[in-house]
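The values are calculated or read from the model by the stated rules, or taken from the named source; none is laboratory data. What you see is a predicted model; the values in this text were computed from it and never measured. No Cβ is skipped: glycine too gets one built from the backbone with ideal geometry, and neighbour counts run over all protein chains shown.
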Amino acid sequence: MNYSRILRIAWDGLMLNKVRSFLTTLGVIIGVASVIVMMSVSAGAEAAIAEQINSLGANLLIVSPMRGIPGASRTLLYEDAEAIGETVTGIVGFSAEQTPAPQTIKANGITLESIAVVGTSADFPQVRDYPLAEGYYFSAADNDRKLKVAVIGSGLAADLFGEESALGQTITVGSTKLTVIGVMASKGVVGDVDYDGRVYVPIHVVFQKFMTTSLMNKDSVRTIYIKVESQEKLDSVTMQVQNLLANRHDVDPAKPDFTIQTQQDVIATQEATTAAFRDLLAWVAGISLLVGGIGIMNIMLVSVTERTREIGLRIAIGAHPSYVRAQFLLESMILSLAGGAMGVVIGIATSVLFGAFGGMRTQIVPLSIPLAFVAAAGIGIFFGYYPAGQAARLDPIVALRHE
Amino acid sequence: MNATLIEVKDLKKVYGGEADSEVCALDGMNASVERGEFTAIMGPSGSGKSTLMNILGCLDTPSAGQYILDGQNVSGLSKDALADVRNQKIGFIFQSFNLLPRLSALENVLLPLLYDTREAQPQERQRQRAITALESVGLGHRMGHHPNQLSGGQQQRVAIARALINQPPLILADEPTGNLDSRSSVEIMALLHDLHKQGATIVMVTHEPDIARHAGRVLCVRDGRLISDGRGGNNPCLAREVAA
């Protein structure tokens, strides 16, 4: 028996009802497309998160006030950061950071609204792996003296001064005049942070000039980044910082009012939030595939009933039951694989469109394509097996009498 | 080659499982058919003639007894082996033609070759055989037509060509003229006569005495038994049917 001929018979059977065959595949198309989209959206989200976290710098510990504790956002102080710098061993440096409300910036006759200002300590470029393009960063002494200087992002420099050098220029941030002493190297937009569009100023200047809201402790910091000498020392440094801060804050180390995270922790936390979304999509995809499979089974059963006489004749003139089974199994596999192929195309197109116009980062996972095909073929076999068995078991005497 | 093509010995067919609800469709039938014979099987409905036909066509298996077709005992064969016997040794002609509507006449005739498990001939050779078969039933000019473009008589001729394609030793015709008008019936019977003259062995089930008289031999079946093996007009089965 020539299996290419059975394939031909199966194909002819499907072409008999083109519209019906197409509608039958829709469930699989939608299911497979959602698998592809789901995987590309979550891969995109994970890649974006990882990139964002890694952009903070390597071997980093991130110390923040504990969320959800009243007053905790004011408990992490600049003195804590200095204490870490003085007593903790195994660190390269620290960068205490505080971000006031966005400010209006005027310079060179240009006014820019809503510019992010970041107060940092002197080791910021080193700790955050974020070098300067020109000029220099302020020193610890400059910071302590509350020197009115600023280092600006490369994009901001271009916006304000164009081709001209930004160094030595004066910019007015809010109502404070600052002298530009450096321009950061271009880093671009990572996550939702436009590094090139920010102004970096000594954190003490921020405390003095921009954190005037009475609620805030004037020298509270939002985050302390600690650069550790090597990956191996992360645990030891974490322990030292934990004990030091618990001691300074007079809290039980088991119930701290701060958190210490590594980049891996942050990535894991962020991914947990996207996991719910991804799980939802996975369910949608799974249910579509299931519904698609049931649709195929339904139509195959209808088809077997409709073609009972034909099947009876084929068996009467010598078709082995296994050929009949193969014919109907091939029909359902053609349906599901065609649905799979169309689903892959539509899924990739949707992912690309989401990425281009949907404001969503997507990254097509190559593995999802064979996975989708295997799933589609599996559905074809699983949901086609019962109808094909029905056809193969037909008694030719009864089938030939069927009206 | 053995002159006997069909031999049934003490053939029984019982339907139903429970002893008290059993229906005995064939109750120990003995008969044989020689090669080249044209035999009609007659009998009232419920006589067991359809069951006999199904067993002769290897579509059904007997509960007891032996069926020897072309020297091979087919009583105990598996489903697949029976399918091969049907494919290679039996050409079926049905009352309702049973052509596949979306295939052309030629493709319908080619159908049995599709399921032939013997070594396949080249496609062109198969096509040539199908064309020859269609020409032999006088439909050489209608090969591309679909069944719905053909008259009933023409459809039955396509079915006969399909029955002949594998050159089976036995042609089984089940009420071959049952769905045809009298003119087409005459044509189809003439065609069967021609086949018989060319040496084909034909077994035909019918309830019409006029049709049965075309056969050289009429087996009359009643209550699952062969009650008469008459030839021609003196058969009680024929006589009864005529009287009724």
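Here are the numbers:
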quantity: Residue within segment B:118-132 that is more than 23 Å from A:R5 (Cβ to Cβ) and hydroxyl-bearing (S, T, Y) present; calculated: no
quantity: From the options A:V221, A:V205, A:V201, residue that is in contact with a Gly (Cβ under 6 Å, 6 or more places away or on another chain) and touching a residue at least 60 places away in the same chain (Cβ under 8 Å); calculated: A:V201
quantity: Members of segment B:130-173 found to be farther than 15 Å from B:A200 by Cα and hydroxyl-bearing (S, T, Y), listed by number; calculated: B:T132, B:S151
quantity: Residue in segment B:27-40 that is at the interface with chain A (Cβ under 10 Å from one of its Cβ atoms), modelled with pLDDT of 90 or more and touching a helix residue (DSSP H, G or I) at 6+ places or on another chain (Cβ under 6 Å) present; calculated: no
quantity: Residue within segment A:73-87 that is within 14 Å of another protein chain (Cβ to nearest Cβ) and assigned to a helix (DSSP H, G or I) present; calculated: no
quantity: Top-ranked residue of segment A:273-322 - restricted to ones that are within 14 Å of chain B (Cβ to nearest Cβ) and under 18 Å from A:S21 (Cα atoms), ranked as nearest to the chain's Cα centre (by Cα); calculated: A:S303
quantity: Meets criteria (in a helix (DSSP H, G or I), away from every other protein chain (no Cβ under 14 Å), more than 30 Å from B:R162 (Cβ to Cβ) and not basic (K, R)) for A:M342; calculated: yes
quantity: Qualifying residue in segment A:353-364 (condition: within 14 Å of chain B (Cβ to nearest Cβ), assigned to a helix (DSSP H, G or I) and surrounded by 16 or more Cβ atoms within 10 Å (Cβ to Cβ)); calculated: no
quantity: Top-ranked residue in segment A:303-340 [being free of Cβ contacts under 8 Å to residues at least 24 places away in the same chain and touching a Pro at 6+ places or on another chain (Cβ under 8 Å); ranked as surrounded by the fewest Cβ atoms within 10 Å (Cβ to Cβ)]; calculated: A:I317
quantity: Every residue from segment B:46-65 that is without any contact (Cβ under 8 Å) to a residue 12 or more places away in the chain and farther than 23 Å from B:D84 by Cα; calculated: B:G46
quantity: Candidate set from segment A:1-30 (those that are crowded, with 20+ Cβ neighbours inside 10 Å, aliphatic (A, V, I, L, M) and away from chain B (no Cβ under 14 Å)); member that is nearest to the chain's Cα centre (by Cα); calculated: A:I30
quantity: Residue list for segment A:177-207, filter: out of contact with any Lys or Arg (no Cβ under 6 Å at 6 or more places or on another chain), of a type in the set (A, V, I, L, M, F, W, C) and in a strand (DSSP E or B); calculated: A:V180, A:I181, A:V183, A:M184, A:V189, A:V190, A:V193, A:V199, A:V201
quantity: Condition met for A:A133 (in contact with a strand residue (DSSP E or B) (Cβ under 9 Å, 6 or more places away or on another chain), surrounded by 21 or more Cβ atoms within 10 Å (Cβ to Cβ) and of a type outside the set (K, R)); calculated: no
quantity: Some residue of segment B:34-49 being among the polar types (S, T, N, Q) and surrounded by 19 or more Cβ atoms within 10 Å (Cβ to Cβ); calculated: yes
quantity: Residue match in segment B:184-204 (condition: small (G, A, S) and closer than 14 Å to B:I93 by Cα); calculated: yes
quantity: Filter result for A:A157 (free of Cβ contacts under 8 Å to residues at least 40 places away in the same chain and over 23 Å from A:V221 (Cα atoms)); calculated: yes
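One line per residue, one yes/no per condition, for (1) modelled with pLDDT of 85 or more; (2) surrounded by fewer than 17 Cβ atoms within 10 Å (Cβ to Cβ); (3) aliphatic (A, V, I, L, M):
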position: A:V32; (1), (2), (3): yes, no, yes
position: A:E51; (1), (2), (3): no, yes, no
position: A:T75; (1), (2), (3): no, no, no
position: A:T89; (1), (2), (3): yes, yes, no
